[in-house]
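Asks: Submitted below is the structure of interest, expressed as structure tokens.
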Amino acid sequence: MGSFKALQTRESADGKFETSVVDREIESLPAGEVLIRVHFSSLNYKDALSASGNRGVTRAFPHTPGIDAAGTVAESSAPEFAEGDEVVITGYDLGMNTSGGFGQYIRVPAAWVIKRPAGLTLRDAMVLGTAGLTAALCVDKLEQAGLEPGDDPILVTGATGGVGSIAVALLASLGYNVAAVTGKPDQAAFLTSLGARQIVERSALQAGVEKPILREQWAGAVDTVGGDILFNVVKSLKRGASVACCGLTAGTGFQANVLPFILRGVNLLGVDSVEIPLITKASMWDKLSLQWKLANLDALVQEITLQELPQAIERILAGKQVGRVLVRLD
Ligand SMILES: NC(=O)c1ccc[n+]([C@@H]2O[C@H](COP(=O)([O-])OP(=O)(O)OC[C@H]3O[C@@H](n4cnc5c(N)ncnc54)[C@H](OP(=O)(O)O)[C@@H]3O)[C@@H](O)[C@H]2O)c1
């Protein structure tokens, strides 16, 4: 049927992982109802974990990572998709143990596939990608818990990262007063351009871990980092406020005590964008393409090729990511 270009991570005999662009055969793709010619993918932190051999993400190598893909249907045995349909796939097992979007072709179950939302191009969909979907789910959960635009600041941690930068842009566009936490003070102008009204140095959020409770400050928060920062965010939420917890770049563990919960009635809301029902993903994509459509997507994206991905993977692993990385699969 033909070959295609793909990024591939291999494990060498000494247990090291190497990633490079290779030619693969379409026949080598897993079984599935829909074969898709991928035009765009995007880089998420989880892809970097897969490409560095993290067994919690990918068990078997060689493997093509890429948890996001947008492209056109090349073949379909599912009645709901026809050749030429433009589609978007994020999460489920794509790029984890199923060959992912860092290849020009993927083959997946129809149950993972969404038709491109009318208000977004395939490129827009991948500028957003899993990061955008996750940021939207965080904002949606916060609003369901009662958050409304107002003057009190909403905190976004890991603000220059993929999820963080879109959360900043989305909250700001919805009229929230966004305080952006970053370990990259040199990126203050970037965050301000996305709509942040206040820049908070990461070190300020790392202080006070030993204290049982902190001064009430935040009307809500999107936390993309976890660890001690999440503990401090919980302790500094205003009465009745919520934090949406979606990430782990600062650590998977975090301390807790009951005081913020029983003295201030705060809420810790978990957010998963990977395994939620397709219908929930589709409704978030519709929101992102209509009432939550972001005008400034180009301000937060860097476009790269497959060949440039290994370097970008190193950068995101080192916590140096700024905004989103769009991968063009020519
Ligand atoms: N729950 C879900 O379904 C879901 C979906 C997508 C992503 N995620 C998770 O969300 C997190 C963010 O993903 P992403 O793709 O946006 O990654 P990313 O682009 O690398 O963003 C992470 C940001 O976190 C900050 N950071 C990095 N290392 C840190 C450290 N040691 N301590 C504190 N902050 C640190 C950095 O921002 P600053 O320099 O600005 O602080 C970095 O840019 C990841 O943990 C990812 O696995 C979860």
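The values are calculated or read from the model by the stated rules, or taken from the named source; none is laboratory data. Treat the numbers as computed from the prediction; the structure is a model and nothing was measured. Here the Cβ positions follow ideal geometry from the backbone for every residue, glycine too, while neighbour counts run over all protein chains shown. For the accessible areas, the whole protein counts, side chains as well, though only heavy atoms, and no ligand, DNA or RNA atoms are used. Shrake-Rupley method; radii C 1.70, N 1.55, O 1.52, S 1.80 Å.
Asks: Could you check which residue among Ala70, Ala118, Ala282 shows the biggest mean-square fluctuation in a GNM of the chain with a 10 Å Cα cutoff?
Replies: Per the Cα network of the chain with a 10 Å cutoff, Ala118 tops the list.
Asks: Which of Leu290, Asn257, Leu329 sits closest to the plus end of the dipole of the range 224-330, meaning its Cα is farthest towards the positive end, when Lys and Arg get +1 and Asp and Glu get -1 on the C-beta?
Replies: Most positive-ward Cα: Asn257.
Asks: Going through the cross-link list Lys235/Lys293; Lys141/Lys238; Lys5/Lys287; Lys46/Lys320; Lys5/Lys46; Lys184/Lys211, which pairs have a Cα-Cα distance over 24 Å in this structure? Could you put the intermediate results ahead of the total?
Replies: Details: Lys235/Lys293 32 Å; Lys141/Lys238 17 Å; Lys5/Lys287 33 Å; Lys46/Lys320 15 Å; Lys5/Lys46 21 Å; Lys184/Lys211 26 Å.
Lys235/Lys293; Lys5/Lys287; Lys184/Lys211, as the Cα separations exceed 24 Å there.
Asks: May I pose another question? I'd like the carbon and sulfur percentage of the solvent accessible area for the range 268-330, probe radius 1.4 Å, heavy atoms only, ligands and nucleic acids excluded.
Replies: Of all accessible area on the range 268-330, carbon and sulfur atoms account for 54 percent.
Asks: Can you give me the solvent accessible area of Thr98 with a 1.4 Å probe, rounded to the nearest 10 Å²?
Replies: About 20 Å², rounded to the nearest 10.
Asks: In what sequence, largest accessible area first, do Trp285, Trp112 appear using a 1.4 Å probe? Please report the intermediate quantities before stating the final value.
Replies: Numbers: Trp285 0, Trp112 40 Å².
From most exposed to least exposed: Trp112, Trp285.
Asks: Could you please put His63, His39 in sequence from largest to smallest accessible area, using a 1.4 Å probe?
Replies: His39, His63
Asks: In a GNM of the chain with a 10 Å cut-off on Cα contacts, which of Gly226, Gly66, Gly100 has the highest mean-square fluctuation?
Replies: For the chain, modelled as a Gaussian network with Cα springs under 10 Å, the answer is Gly226.
Asks: Taking Cα atoms, how many degrees apart are the long axis of helix 162-173 and the longest axis of the chain, rounded to 10 and kept between 0 and 90?
Replies: 60
Asks: For Lys287, what charge total do you get from the other residues with a beta carbon under 14 Å from its beta carbon, if Lys and Arg give +1 and Asp and Glu give -1?
Replies: Surrounding charge for Lys287 is -1.
Asks: A further question on this structure: Excluding ligands, DNA and RNA, what is the solvent-accessible area per residue of the range 176-330 at a probe of 1.4 Å, expressed in Å²?
Replies: Averaged over the residues of the range 176-330, the accessible area is 46 Å².
Asks: Wrap a convex hull around the Cα atoms of the range 112-239, take a quarter of its surface area, and give that in square nanometres.
Replies: Values: hull surface 34.9 nm².
Hull-based average projected area comes out at 8.7 nm².
Asks: Per the Debye formula with a single identical scatterer at each Cα and no solvent contribution, what log10 I(q)/I(0) holds for the range 116-182 at q = 0.15, 0.23 Å⁻¹?
Replies: Calculated log10 I(q)/I(0) at the listed q: -0.48, -0.99.
Asks: Here is a further query. Taking the range 168-228, which GluC sites (Glu not before Pro) meet the DSSP loop condition and have no more than 13 other C-beta atoms within 10 Å?
Replies: Sites meeting the loop and neighbour criteria: Glu210.
Asks: Related question: So what is the orientation-averaged projected area of the range 33-93, using the convex hull of its C-alpha atoms, in nm²? Could the numbers behind the result be given before it?
Replies: Details: hull surface 18.0 nm².
One quarter of the hull surface, i.e. the mean projection, equals 4.5 nm².
Asks: Provide the descending list of Cα extents for the range 5-116 along its principal axes, expressed in whole angstroms.
Replies: 46, 25, 20
Asks: Hey, what angle do you get for helix 122-144 against the long axis of the chain, alpha-carbon based, 0 to 90 degrees rounded to 10?
Replies: It is inclined by approximately 30 degrees.
Asks: I've got another one for you. Kindly provide the GluC sites (Glu not before Pro) of the range 26-122 that DSSP labels as loop, not H, G, I, E or B, and whose Cβ sees at most 14 other Cβ atoms within 10 Å.
Replies: Here the sparse-neighbourhood loop sites are Glu80, Glu83.
Asks: Could I ask something else about it? For the range 31-86 and the range 144-199, what is the separation of their C-alpha centers, rounded to whole Å?
Replies: 30
Asks: Still on this structure: Considering only Val73, Val243, Val38, give the residue with the highest GNM mean-square fluctuation for the chain, with springs between Cα atoms whenever their separation is below 10 Å.
Replies: Maximum among the listed residues: Val73.
Asks: At 1.4 Å probe radius, can you tell me the per residue accessible area of the range 38-156 in Å²?
Replies: Accessible area per residue: 32 Å².
Asks: Rounded to the nearest percent, how much of the accessible area of the range 26-79 (1.4 Å probe, protein heavy atoms only) is carbon and sulfur?
Replies: It is 54 percent, rounded to a whole number.
Asks: Still on this structure: Mind ranking Phe81, Phe17 by accessible surface for me, highest first, 1.4 Å probe?
Replies: Numbers: Phe81 20, Phe17 60 Å².
So the residues, ranked largest to smallest area, are Phe17, Phe81.
Asks: Mind checking the full-extension length gain between Leu317 and Ser28? Use 0.36 nm per residue of separation minus the Cα-Cα distance, one decimal, nm.
Replies: Taking Leu317 through Ser28 to full extension adds about 101.2 nm, to one decimal.
Asks: Same structure, new question: Antiparallel as a % of all DSSP beta bridges within the chain, to the nearest 5? Mind showing how you got there, number by number?
Replies: On the way: 32 of 59 bridges.
Percent antiparallel among DSSP bridges in the chain is about 55.
Asks: So, one more: With the Cα gyration tensor of the range 247-330 giving a ≥ b ≥ c as the square roots of its eigenvalues, does the rule (a/c under 1.5 for rounded; else a/b larger than b/c for prolate; else oblate) give rounded, prolate or oblate?
Replies: Oblate.
Asks: Something else: Quick check for me: using +1 on Lys/Arg Cβ and -1 on Asp/Glu Cβ, what's the dipole size of the range 236-299 about its Cα centre, in debye to the nearest 20?
Replies: On the way: 6 positive and 4 negative charges, 70 e Å.
It works out to roughly 340 debye.
Asks: Can I ask one more? Would you please classify the overall shape of the chain from the alpha carbon gyration tensor, given that a ≥ b ≥ c denote the square roots of the eigenvalues, rounded means a/c under 1.5, and beyond that prolate means a/b larger than b/c while oblate covers the rest?
Replies: prolate
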